[in-house]
Every structure is written in structure tokens, then in C-alpha cells.
Amino acid sequence: MEEIELNKENVINHWISTSEEDYETMNQLFQNKNYSWSLFLGHISTEKILKAYYVKSHGKHAPFTHNLYRIAELSNLEISEEHADWLDKITTFNINARYDDYKREFYSLCTKEFTEEWIDKIQKIQKWIKTML
């Protein structure tokens, strides 16, 4: 597959701005007590900020994957074991929110307290990545 030419800064800015929009939506969903979808948007927002970092570090389009740890790995991002664990867990918010057979179990997991804890971790990891953009 041929790589499509890109304007690096435009692509990075696109990933950052859409990540910020999704982050705001995550918070709105949380305020409306829609916890599972809030975490789903937290995953999407984190994925986009990681893809911005990938584009910055490689100068080419980000890979087509939703696996956050894999994007970080492909980006050559030096990451702590704790952040690696967080990325693995946040990735499950995408899968669990999308597939019906996981939804019921995921909904019951997404209490206010659980969601607050993971929104806090999403915020921390995104702030850390943004320091490198």
C-alpha cells in the first residue's frame, strides 16, 4: 500500500484537536452518568493523542490499530510499566463498549468510582504525552 503524502503539522494538529473534542465529550458523558460510553471516548481520545505523537516521531500516518500500547510501542515512546498497564486497560474500554457480548459485563463494571479513577488516569497519561508534542 502506498503511503499518502501528508502535511505533518496539519495531521498532528488534527489528531490533537479531535482528541481534545473527544476528551470534552468524555467528560460530558460522565456528567450525564453515561459511564461506559465516557470511558469509550476516553479510549478514543487517548488513541488520537498517541497517533499525534506517532506522526510527530515518524513523519508518516499513524498505524490502523486501536491498541494503545501497540501505538506507543510503534512510536518508540519510552513508557513506564505503570503507563503500559494503563494503556492496556484503557484499550479494553474500546472493545468492551463496542461488542454486545461484553457490554453487560462492562456496564456493571463502570460505576461512578471506577469511571472517575480511569478518567483520572486517562487525563494523566494524556498530559504526559502532550508534553512531548
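Derivation of every value follows stated rules applied to the coordinates shown; laboratory data play no part. What you see is a predicted model, and the numbers here were worked out from it, not measured in a lab. Note: ideal-geometry Cβ built from the backbone for every residue, glycine included; neighbour counts use all protein chains shown.
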How many of the residues making up the stretch 53-73 are assigned to a helix (DSSP H, G or I) and closer than 30 Å to residue 109 by Cα? 6
Which one is farthest from residue 80 (Cα to Cα), of the residues in the stretch 115-132 that are surrounded by fewer than 14 Cβ atoms within 10 Å (Cβ to Cβ) and of a type outside the set (S, T, N, Q)? 116
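Residue 6: out of contact with any Pro (no Cβ under 9 Å at 6 or more places or on another chain), without any contact (Cβ under 8 Å) to a residue 60 or more places away in the chain, farther than 18 Å from residue 128 by Cβ and part of a loop (DSSP other than H, G, I, E, B), yes or no?
Yes.
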Across the stretch 76-102, which residue is surrounded by the most Cβ atoms within 10 Å (Cβ to Cβ) among those that are more than 15 Å from residue 125 (Cα to Cα) and under 16 Å from the mean Cα position of the chain (by Cα)? 93
